[in-house]
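Everything on this sheet refers to the single structure shown next.
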Amino acid sequence: MAKQQEPAPTILPRDQHSISRKQIDEDTLKVLYRLHRHGQLAYLVGGSVRDLLLGRKPKDFDIGTDATPARVRRLFRNCFLVGKRFRLAHIRFAGNKLIEVATFRRHPSEDELPEDPDEHFHFVQNVFGSPREDAFRRDFTINALFYNIADFSIIDHVGGLQDLRDRRIRVIGDPLVRFEEDPVRMLRALEFAARLDFRLDQTILEGIAEKKEWIATAAPARIREEILELFRHQVAGPVLKQCRELGVLPHLLAGYRGTDESIELLAKIDNRTASGIAVEESFAIAAMFLRRYMDNCPPSPDVPISEALHKANEIIIPHCRYFSIAQGIRHQARELLVGCFRLARGRGIRGERRFLQHPLTPKSFELFNLWAEVRPDLAPLTKEWQKAIKSPAPQKDITRRPRRKRRKKTTRQQAKPAPRK
Ligand code: ATP
Ligand code: MG
């Protein structure tokens, strides 16, 4: 089939940009060079080019090529193909390191689509294309730049270089069309703007305002992953705040209200992550729902723990069911909430000794401390608990079981008569 002449991209030669091979991971370079030596196009693609141009350290280095996955497998002994939906080559290096090599793809035209609509999604993701077509199927212009190992130039088909200079997030193509194809892009736009401190193009803001309810149609697993990305990149506070302001929140996280206090708590967690403490999903969930939980179950010595557990379940379970979150994480999130409930009631209430020995109590206390940074009225309570939680309970306070064992031992040693057992 005769191909139309493609418009030429903007090419930034090596001496006009800042990316040096020294900044690129060694094994990634090896893969790029090997593809190139075998006559294939070999580009660094996606977030790594963006981050390097911004002087940031990329999270990972992805490679784009015109070699088919089968060809990549033939070229690399340490390669295996993965993915049902999106065929990818993974090249394995020492220490379980994986480098992802994807064949350039394009959007198929309507008449190319299979008859069965259920097959569309799979099909759409696996039609090979030219580098230009590959750039155009990406989400934002700044995410569609290529670094060409053949001459170390940057290739820009979509105007991403100018948007990087202008510090602007712009959708490739019409935002409404691209959001309809994949509503998760709305959330990604907010995420990248917050992560990079870029402004959102007006068309993105308008698109989100107009079609925010589309986000509810995205696969829950993908939303869950993007929410976790917000926490990993320390932008959960600002992005969820913006989601609230743009009216996205009810469609994104049905049970989460995003009150000022809750958003402030998430921002505290972002700061904590920035200081190098990874955030666990259970911790993130408990933090999101803490305020709502405390409203539903105000801390009081009169409320039995069984009720506190029940109220925590009422909030956590629908969220975890919707996002298919594993039982273990759900359980931990619930325990963290109930831990905060106990902490908020103050000291000296029945069951305190046992609570202090619970393995999740230090984590609950961490969450409680962050909450107290937002709610200064809780500060005296954190002081009261501090000593008890930091210093482990004295030996004599350990649970009854070991004591019984000790007694048994003595009994045996002294050869006491049988009836006592
Ligand atoms: P980081 O890995 O630092 O979070 P990234 O830009 O590498 O950022 P990924 O989620 O790893 O983001 O995706 C890699 C690339 O794949 C993106 O840069 C983008 O070009 C493309 N991409 C990812 N998600 C989408 C999407 N929903 N629609 C279109 N293109 C996407
Ligand atoms: Mg990436």
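The values are calculated or read from the model by the stated rules, or taken from the named source; none is laboratory data. Since the model is a prediction, treat every value here as computed from it, not as a measurement. Please note: Cβ atoms are built from the backbone with ideal geometry, for glycine as well, and neighbour counts cover all protein chains shown.
Some points to look at:
- Among the residues of region 273-329, those that are assigned to a loop (DSSP other than H, G, I, E, B) and under 26 Å from Arg347 (Cα atoms) comprise Cys297, Pro298, Pro299, Ser300, Pro301, Asp302, Val303, Pro304.
- Verdict on Ile329 being surrounded by 13 or more Cβ atoms within 10 Å (Cβ to Cβ) and touching a residue at least 40 places away in the same chain (Cβ under 8 Å): yes
- Residue within region 260-277 that is in contact (Cβ under 8 Å) with a residue 12 or more places away in the chain, of a type outside the set (A, V, I, L, M) and within 16 Å of ligand 1 (Cβ to nearest atom) present: yes
- Residue-level check: of (1) assigned to a helix (DSSP H, G or I); (2) at pLDDT below 95, Leu35 misses just (2).
- In region 317-332 there is no residue matching the filter, namely being among the small types (Gly, Ala, Ser) and closer than 20 Å to Leu266 by Cβ.
- Extreme residue, nearest to ligand 1 (Cβ to nearest atom), among residues of region 42-87 that are assigned to a strand (DSSP E or B) and over 21 Å from Glu26 (Cβ atoms): Val82
- Meets criteria (closer than 23 Å to Val49 by Cα, hydrophobic (A, V, I, L, M, F, W, C) and within 16 Å of ligand 2 (Cβ to nearest atom)) for Ile99: yes
- Criterion applied to Asp51, Asp134, Asp156 was being of a type in the set (Asp, Glu), within 26 Å of Asp174 (Cα to Cα) and either more than 26 Å from the chain's Cα centre (by Cα) or more than 16 Å from ligand 2 (Cβ to nearest atom) (or both), and the one residue passing it is Asp156.
- When residues of region 1-48 are limited to those that are of a type in the set (Val, Ile, Thr) and more than 28 Å from the chain's Cα centre (by Cα), the one surrounded by the fewest Cβ atoms within 10 Å (Cβ to Cβ): Ile11
- Which numbered condition Ala193 fails, given (1) small (Gly, Ala, Ser); (2) buried (at least 17 other Cβ atoms within 10 Å of the Cβ); (3) not in a helix (DSSP H, G or I): (3)
- Selected residue (criterion: surrounded by the fewest Cβ atoms within 10 Å (Cβ to Cβ)) from residues of region 201-236 that are part of a helix (DSSP H, G or I) and of a type in the set (S, T, N, Q): Thr217
- Pairs are defined by a Cβ separation below 8 Å, a sequence spacing of at least 6 or placement on different chains, a first member in region 285-312 that is over 27 Å from Val239 (Cα atoms), and a second member that is of a type in the set (Val, Ile, Thr) and surrounded by fewer than 22 Cβ atoms within 10 Å (Cβ to Cβ); the pairs so defined are Cys297/Val303; Pro301/Ile349.
- Of all the listed residues (Arg244, Arg257), the sole one being within 25 Å of Arg321 (Cα to Cα) and without any contact (Cβ under 8 Å) to a residue 24 or more places away in the chain is Arg244.
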